[in-house]
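Right, one structure below, let's go through it.
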């Protein structure tokens, strides 16, 4: 996706880590690096387990409060009154006065840059360029070298991928969105269907948009309303603000076999970038949505409803199908679980336009670098902040964020971390309340970390998203659906990493673009055009679809899309060049 990846976000990891179910992949190179990662987990273990750096005998635990702004929302944030946050404060002396974006985060970052008023810590993601241009963030290279042994240990050879650009090789953001030595096990996207839908249909193959449409149409014909007489909804899209990327536009790339590179399609041989909406294949995806609307299978409120209304519809159990990421609709699904309506929760299917197309959710990126955490140029104590971030990167900090408090959220049995049944039951059935109280997963995109599948020096997985624990979080209904498809976890239904070639540039969506660059300015123009024209095309009468689409394409050309593509191509090719010589190769 674009600036919301991977959209991803604090919500994704709050959900995935807390739930023990589920927002970098691995190819041949990463498989080799996994062993290296496990070995380095034992190096500098004293620093890793205490947050101390080499030569530091005693950390400063004097209470201190730092202000922080994060572009991603965290509705469960409990002002550090949760269990994990209290333990972090105990270990570091640090508390955070955190603000999370509401609405368009780019506007907030632009205001910071214009005013020169910055919080101490900033997670600006794709908008970091605005802050760099304004001199609002520090080059962290020396701070990492002098005060962050755990960050250096975890990132290892990938530290070079944190460099801003080929021209400016400063480190303005420590990569926290990308996980080191990660092997993805969680399929949290694709197309979603309620379990009751596929069960009534006899668990048919759900492989193409036609398969998906068929089961929804047949169920609606038999069950036009719910038990209370309210109208059931075929598919609802979440188009409120940046959610447009996740639920409306990104699926056009995935269903046509394109790599997830935000608003671009990148040729994997030449690394030339094309604004992905200009691909003829994607026109046919949007034509299908237009058809779904004409058939009465698409929620007519998709492009006017607010996010809360969307989640409320999901929570009502009336929405049969979604095209979304689980972290985006999770609040609604958790309400269904709390109400015991497990058959109205969702499974994930690798839907594409035709069976010859591979759904690319598990296309490996390697370690992406890119989005991360920054320290502002006005921060009152950059050394104390980097040491705080270094504690989060330690084994102790990572286990705390991923698993919680030993004896309360997990226990160790025969050397293995285990979640007690009573805790897991609460996670499965009352996750929102559990997350607010425990704080598990809150710091995922604030900390340098190992990924799913990586193990620490004790031989335990760093995260709960591993083959041993993922099925534990499934309901009986979900397990029944998976069994019908001869699968254990949802990933089993999707094409595997080894079916794709690892991308040489990671993911194009997290390439940092300087804020005033013409590419960024043009990108905003294209977004405005796209967000107007795509809904218009989907809602048009089928006989008018081509006319609306052709007008959209002409609008893009007039607005300079070709110049934008040429400029973005240079950024992709520059990243390939920058990474081609790093020591991780």
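The values are calculated or read from the model by the stated rules, or taken from the named source; none is laboratory data. Source: prediction; values computed, not measured. Here the Cβ positions follow ideal geometry from the backbone for every residue, glycine too, while neighbour counts run over all protein chains shown.
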**Condition check for residue 408: farther than 20 Å from residue 452 by Cα, more than 24 Å from the chain's Cα centre (by Cα) and at pLDDT 95 or above** = yes
**Complete:** The residue from 341, 311 that alone is in the same structural domain as residue 251 (by TED's automatic domain parsing), surrounded by fewer than 20 Cβ atoms within 10 Å (Cβ to Cβ), out of contact with any strand residue (DSSP E or B) (no Cβ under 9 Å at 6 or more places or on another chain) and on the phi < 0 side of the Ramachandran plot is 341
**Request:** Can you tell me which residue within region 468-500, out of those that are over 30 Å from residue 271 (Cα atoms) and in contact with a strand residue (DSSP E or B) (Cβ under 9 Å, 6 or more places away or on another chain), is surrounded by the fewest Cβ atoms within 10 Å (Cβ to Cβ)?
**Result:** 468
**Request:** Could you run through region 471-513 and say how many residues are in a helix (DSSP H, G or I) and more than 30 Å from residue 167 (Cα to Cα)?
**Result:** 19
**Request:** Tell me which residues, restricted to region 541-567, are touching a helix residue (DSSP H, G or I) at 6+ places or on another chain (Cβ under 6 Å) and exposed (fewer than 13 other Cβ atoms within 10 Å of the Cβ).
**Result:** 542
**helices (runs of 4 or more DSSP H) fully within region 103-200 counting 1 or more residues that are touching a strand residue (DSSP E or B) at 6+ places or on another chain (Cβ under 6 Å)** = 128-133, 149-155, 195-200
**Item:** Hey, residue 493 assigned by TED's automatic domain parsing to the domain that holds residue 261 and at pLDDT 95 or above or not
**Value:** yes
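Check 547, 527 and return the single one that is part of a helix (DSSP H, G or I), within 28 Å of residue 237 (Cα to Cα) and under 25 Å from the mean Cα position of the chain (by Cα).
Numbers: 547 fails: under 25 Å from the mean Cα position of the chain (by Cα).
One residue alone meets the criteria, 527.
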**Request:** Test residue 503 against the criterion of being closer than 30 Å to residue 347 by Cβ, surrounded by 13 or more Cβ atoms within 10 Å (Cβ to Cβ) and under 24 Å from the mean Cα position of the chain (by Cα), and give yes or no.
**Result:** yes
**Count of region 329-366 residues which are more than 21 Å from residue 471 (Cα to Cα) and in a strand (DSSP E or B)** = 1
**Item:** Subset of region 201-221 [assigned to a loop (DSSP other than H, G, I, E, B) and either in contact with a helix residue (DSSP H, G or I) (Cβ under 7 Å, 6 or more places away or on another chain) or on the phi > 0 side of the Ramachandran plot (or both)]
**Value:** 201, 202, 203, 204, 205, 206
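Okay, residues lined up against (1) over 20 Å from residue 191 (Cβ atoms); (2) surrounded by fewer than 21 Cβ atoms within 10 Å (Cβ to Cβ):
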residue	(1), (2)
274	yes, yes
278	yes, yes
287	no, yes
321	no, no
350	no, no
353	no, yes
**Request:** Determine whether region 527-540 contains at least one residue that is touching a helix residue (DSSP H, G or I) at 6+ places or on another chain (Cβ under 7 Å), at pLDDT below 95 and either under 17 Å from residue 367 (Cβ atoms) or surrounded by fewer than 19 Cβ atoms within 10 Å (Cβ to Cβ) (or both).
**Result:** no
**Message:** Considering only residues that are within 15 Å of the chain's Cα centre (by Cα) and closer than 22 Å to residue 210 by Cα, which ones fall in region 223-253?
**Reply:** 246, 247, 250, 251
